[in-house]
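Here the structure is laid out as structure tokens; the discussion comes afterwards.
The values are calculated or read from the model by the stated rules, or taken from the named source; none is laboratory data. The structure displayed is predicted, hence computed values, not measured ones. Heads up, the Cβs are rebuilt from the backbone with ideal geometry, glycines too, and the neighbour counts pull from every protein chain shown.
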Amino acid sequence: MRMMLTCGALLSLAARTALAQQAPPAGPAAPPQVEDRAGGYCDFVRGVGDAEAALELAPELFAGFGLVNTGEAEGGAGATALGKPKWRLTAGVGYDFVGLYRGGALRKRAEAECRRQRALTTLEAAIHQGSGLGEDSALEARARVLQDALPRAEELVTSLRNDLREGRTTLEELNAVQVRLDNLRALATHTALTRERLAARPRVPEGQRLDTLLEELQAADDEVEAASGGLRSAKAWQLSLRGGYDELIDVEQEVPLFGQITVSYNLGHLWQGTANARAREGRRRATLEDVSGVPQRVGELMAELRSVQRTEEGRLREVSTLVTDLEGQLREVEALQTREVRRFRDYLLLELTRLRAEQAYLHAHVQALGTFLGAGTP
């Protein structure tokens, strides 16, 4: 009895050690500025993996009680019975050491599924934003320029109204400046509304490259299949240790204990390697060939974003040239003090504000697109 208890205690200790050593580290935390849309799925797959691994890593207890032929019990199957059937009590503990590998593989597969889901949700968020990807930072840059410039534009119009009452300007001049101010207000309102609309969509973390995320998705998916193949192959092996108490009631036994080591191998494993490799390659190809799958849609999105980036780069060069030209004109007219020149200066200031807002938008948008596409910025 002491030997049985000692054996069971050692096996339990080994299983607890395996559970502690193979516990997976916490997955990488999602960026704080972006909602973790894969957190629930990761908790799910990790919970399933831990539940399945617990059965593989822990020992099993067994017990049996019933009538046996004493001849069979003492001499083996087919032996001549030596007496009446006797009651037999068997109890013990067993452990399959291949379970250490299976438990680790289950947890490894769960972590790979979590990484795959994180990459998948980020790519889906990028696909959902479409050609508007990277526009949130561009809109923010435009809003800052307008926020700083609108108070001065309001002061210019207020000053013109006062000049009109005193007869120092004309209604046409006031209307011309008023129209430019209204255009700036409309642009600010449109910018705010667009930012609110984009804020309701799933966000993509800053600095993420779409091709890197796609590679991460494919690598994690391949790791999931590799772990699944390893689990299939592990079913062919068994290395178990069983020991415990085995007593025939009313039969004198010197030591009513037993111990047994069992090793088994399924010959089907000889053909599993080729089949698992074919399944792994087939899964990779199926993911790439799916016309409605994420890799295909991400490829289409990247092609569209490259086209947008080229267009925005051309517009940025044109707007930057105009800004430089207007800034030069503004420096020249500010030295003059005539009323007509001051009115022209007001027009230049308002037009320059609009162009600077557009320049800030284009520069930030091109920069964001360059980050997502992995290209250099102008």
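Every residue in segment 99-147 that is surrounded by fewer than 19 Cβ atoms within 10 Å (Cβ to Cβ) and among the charged types (D, E, K, R), please.
Result: E124, E140, R144.
Here is a check on your reading of the model: is Q309 under 28 Å from R345 (Cα atoms), more than 21 Å from the chain's Cα centre (by Cα) and in a helix (DSSP H, G or I)?
No; evaluated as a whole, the condition is false for this residue.
Being touching an Asp or Glu at 6+ places or on another chain (Cβ under 7 Å), exposed (fewer than 12 other Cβ atoms within 10 Å of the Cβ) and under 30 Å from W87 (Cα atoms): is that true of Q253 here?
Working: touching an Asp or Glu at 6+ places or on another chain (Cβ under 7 Å): yes; exposed (fewer than 12 other Cβ atoms within 10 Å of the Cβ): yes; under 30 Å from W87 (Cα atoms): yes.
Taking the combined requirement at face value, the residue satisfies it.
Of V291, V298, V263, which residue is under 44 Å from the mean Cα position of the chain (by Cα) and surrounded by 11 or more Cβ atoms within 10 Å (Cβ to Cβ)? Before the answer, list the steps.
Working: V291 fails: surrounded by 11 or more Cβ atoms within 10 Å (Cβ to Cβ); V263 fails: surrounded by 11 or more Cβ atoms within 10 Å (Cβ to Cβ).
Only one candidate passes the filter, namely V298.
Could you list, in sequence order, all residues of segment 113-152 that are under 15 Å from the mean Cα position of the chain (by Cα) and over 23 Å from E304 (Cα atoms)?
E113, C114, R115, R116, Q117, R118
Could you tell me which of the residues G273, G243 is surrounded by 16 or more Cβ atoms within 10 Å (Cβ to Cβ) and touching a residue at least 24 places away in the same chain (Cβ under 8 Å)?
Numbers: G273 fails: surrounded by 16 or more Cβ atoms within 10 Å (Cβ to Cβ).
On inspection, the qualifying residue turns out to be G243.
Filter segment 172-222 down to residues that are more than 38 Å from the chain's Cα centre (by Cα) and β-branched (V, I, T) and give me whichever is surrounded by the most Cβ atoms within 10 Å (Cβ to Cβ).
If we take residues in segment 172-222 being more than 38 Å from the chain's Cα centre (by Cα) and β-branched (V, I, T), then V177 is surrounded by the most Cβ atoms within 10 Å (Cβ to Cβ).
Could you check E313 against (1) closer than 30 Å to A226 by Cα; (2) at pLDDT 85 or above and say which number it fails?
In the conditions (1) closer than 30 Å to A226 by Cα; (2) at pLDDT 85 or above, E313 misses (1) alone.
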